[in-house]
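The values are calculated or read from the model by the stated rules, or taken from the named source; none is laboratory data. Remember, predicted model here, so these are calculated numbers, not experimental data. Glycine gets a Cβ as well: all are built from the backbone with ideal geometry, and neighbour counts include every protein chain shown.
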Amino acid sequence: MKRIYTILIAINFLGSILGCGLMTGKGDAEQVAESFLQDRIVNGGFAGDDKYYSDIFWQHTNEKTWENINQLVEDALGDLNSYSLKTWKTQSKVHTSQLSGTFVVLVYDTEYEKGNGQETLTMHKGVQGQDYLILGHHIDSPRIQELIYKGIQQIAGN
């Protein structure tokens, strides 16, 4: 019985140590993400938000394609009016690459002038201790999907 009690205390202690680190990571990543979203509300659109994206993001993203995506979002939805955190998850990984560190995925419900959506921000903080930066950004909206389907139909000649 004493052994089970000792094991339970050890598990509880380990969980509290790891849990604090994950919550701190979530909080730090959320601060950066909300600063990014707030800048979009204040400045209207995506202008000047490149500072929030990691070098890794830009290594794997065509700048012109990203501009076109941003323009599509602005044309389809207008300016961002509000956002609220829907869900989140954290994970720490150690690799022998630049992707070592802590990842926090934040999913926001977003409200725009012309419609609603959901934005998923994958935040990354490397082991070197820099700030969290956006590694991945996914924007989903029924209005955007509608425009994409219209484009597909137009190209297909239907």
What are the residues in segment 130-158 that are surrounded by 11 or more Cβ atoms within 10 Å (Cβ to Cβ) and polar (S, T, N, Q), if any? 130, 141, 145
Quick one: would you say residue 150 is touching a Phe, Trp or Tyr at 6+ places or on another chain (Cβ under 8 Å) and without any contact (Cβ under 8 Å) to a residue 12 or more places away in the chain? no
Here the qualifying pairs (Cβ atoms under 8 Å; residues six or more apart or on different chains; first in segment 35-60 and β-branched (Val, Ile, Thr); second assigned to a loop (DSSP other than H, G, I, E, B) and at pLDDT below 95) come out as 41/79; 56/98; 56/99
What is the one condition in (1) of a type outside the set (Phe, Trp, Tyr); (2) surrounded by 14 or more Cβ atoms within 10 Å (Cβ to Cβ); (3) farther than 22 Å from residue 26 by Cβ that residue 65 does not satisfy? (2)
Among the listed residues 50, 79, 55, which satisfies the condition of being more than 16 Å from the chain's Cα centre (by Cα) and among the acidic types (Asp, Glu)? 79
Pairs, first without any contact (Cβ under 8 Å) to a residue 12 or more places away in the chain in segment 100-119, second surrounded by fewer than 15 Cβ atoms within 10 Å (Cβ to Cβ) and small (Gly, Ala, Ser), C-beta under 8 Å, six or more apart: none
Condition set closer than 22 Å to residue 146 by Cβ and touching a Ser or Thr at 6+ places or on another chain (Cβ under 7 Å), scope segment 77-115, selection surrounded by the most Cβ atoms within 10 Å (Cβ to Cβ): answer is 80
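Which residues, counting only those in segment 40-50, are part of a helix (DSSP H, G or I) and touching a helix residue (DSSP H, G or I) at 6+ places or on another chain (Cβ under 9 Å)?
50
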With criteria (1) modelled with pLDDT of 80 or more; (2) surrounded by fewer than 18 Cβ atoms within 10 Å (Cβ to Cβ); (3) closer than 15 Å to residue 90 by Cα, residue 58 comes up short on (3)
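Which residue, of 35, 84, is assigned to a strand (DSSP E or B), among the small types (Gly, Ala, Ser) and modelled with pLDDT of 90 or more?
Just one listed residue meets the conditions, 84.
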Looking at segment 100-142, which of the residues that are among the acidic types (Asp, Glu) and part of a loop (DSSP other than H, G, I, E, B) is modelled with the highest pLDDT? 113
